[in-house]
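Colleague: Following this message is one structure expressed as structure tokens.
The values are calculated or read from the model by the stated rules, or taken from the named source; none is laboratory data. Computed from a prediction, not measured in an experiment: that's the story for all the values here. Cβ coordinates were reconstructed from backbone atoms using ideal geometry, including for glycine residues, and neighbour counts include every protein chain displayed.
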Amino acid sequence: MRNLRFAGIGFFLLTTALLAAQQLSSNPFDLYHRLPERVRASAAAVYAPAFTASDSISNPFNVVPHRTPGVARGISESIELTFQPLNVLPRGDALSDSFLFWILLALLGFLSFAIASKRSIVVKAWRGFLNDNALSIAQKEASGFTGSTPYYLLYVSFLLNAGAFIFLIARYFNQASFNNLGFLLICMLLSCVLFLSKHLLLGLLQWLYPVGKSVRRYNFLIIIFNCVLGLFLVPFNFLVAFARSYADFMVYWTLSLAGIFYLYRSMRAIVIGQKFLSRNLFHFLLYLCTVEIAPVVILVKLAILASK
């Protein structure tokens, strides 16, 4: 009986302590501050002490805006920035017309040296440009150091003049940003990298697959066409640079001429590779998209970005 009495007294004291503790502490599940204003005003008289205590303790279910800490915040902000590939190029309008004239004159002098190394080289290149039989004869004669050197000199002249042409096109669309010597040198380097990497890829194909004869013929076809195109680019570069009254016509006419050259070369290349079309059509289309079309698309995209 005495034990039952002590148990009742203990239960009463424990219940009283729990009720007091509930009045002194806040309920973390109580979302009183999210209730409408009129509901809070009506309940403030009854539950004012409990609400005051709950306001002083943070609610673990409160949703606050996320903030990326420290270094991660800077990385996330840098990722959101749009990449502008032309921002790495040198900018400025520091190249004078007289200095540009002397550069183009030096390119003309190099072309004269290439032609003087073998005077008949221009005629052979032009005949190879027109028909396949002359191309075969020129390929046979272009063997060894003596036979191939004049073609390589003409090809180097084309690479330099193609870089100068890219520079002049970018200068035409945005002279305030892309009229400087550094950008001109970058354009010449870009021209060399694009065309020489194509020849390296053809050499890799020749080494990997049994298509050596066709690849060598196509490789020489590229050299012949670019040599002939280089002969046309030299005078047109002067006209694009200094024919201010006809600048619009000369720019688009030269671009159209280059497009006609490459369209005609593609038709001649299809004749060389037609025996592979029926058996390896997928690989031919893959090569066509990655090596022939992709560089042109990249150059056009860069020209559009430069014009903005």
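Conditions (1) surrounded by fewer than 21 Cβ atoms within 10 Å (Cβ to Cβ); (2) polar (S, T, N, Q); (3) assigned to a helix (DSSP H, G or I), marked per residue:
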{"site": "Ser148", "(1), (2), (3)": "yes, yes, yes"}
{"site": "Ala162", "(1), (2), (3)": "no, no, yes"}
{"site": "Arg171", "(1), (2), (3)": "no, no, yes"}
{"site": "Ile186", "(1), (2), (3)": "yes, no, yes"}
{"site": "Ser191", "(1), (2), (3)": "no, yes, yes"}
{"site": "Phe195", "(1), (2), (3)": "yes, no, yes"}
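Colleague: Further question on the same structure: Return yes when Asn131 is under 26 Å from Ser266 (Cα atoms), assigned by TED's automatic domain parsing to the domain that holds Ile260 and either in contact with a Gly (Cβ under 8 Å, 6 or more places away or on another chain) or at pLDDT 90 or above (or both) and no when it is not.
Modeller: no
Colleague: Scan region 242-255 residue by residue and report those that are among the charged types (D, E, K, R) and either touching a Phe, Trp or Tyr at 6+ places or on another chain (Cβ under 9 Å) or surrounded by 12 or more Cβ atoms within 10 Å (Cβ to Cβ) (or both).
Modeller: The answer is Asp248, and nothing else.
This table checks each residue for (1) assigned to a loop (DSSP other than H, G, I, E, B); (2) modelled with pLDDT under 80; (3) loosely packed, with under 12 Cβ neighbours inside 10 Å; (4) under 30 Å from the mean Cα position of the chain (by Cα).
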site	(1), (2), (3), (4)
Trp207	no, no, yes, yes
Arg217	no, no, no, no
Gly230	no, no, no, yes
Phe236	no, no, no, yes
Val240	no, no, no, yes
Leu257	no, no, no, yes
Cys289	no, yes, yes, yes
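Colleague: I'm told Val156 meets every condition in (1) crowded, with 19+ Cβ neighbours inside 10 Å; (2) closer than 23 Å to Pro235 by Cβ except one. Can you identify the failing condition by its number?
Modeller: All conditions pass for Val156, except number (1).
Colleague: Report whether or not Ser117 is of a type in the set (Ser, Thr, Tyr), at pLDDT 90 or above and in contact with a Leu (Cβ under 7 Å, 6 or more places away or on another chain).
Modeller: no
Colleague: Moving to a separate point now. As an exercise: evaluate Arg244 against (1) over 23 Å from Leu107 (Cα atoms); (2) charged (D, E, K, R); (3) without any contact (Cβ under 8 Å) to a residue 24 or more places away in the chain and give the number of the one condition it does not meet.
Modeller: If we test Arg244 against (1) over 23 Å from Leu107 (Cα atoms); (2) charged (D, E, K, R); (3) without any contact (Cβ under 8 Å) to a residue 24 or more places away in the chain, just (1) comes out false.
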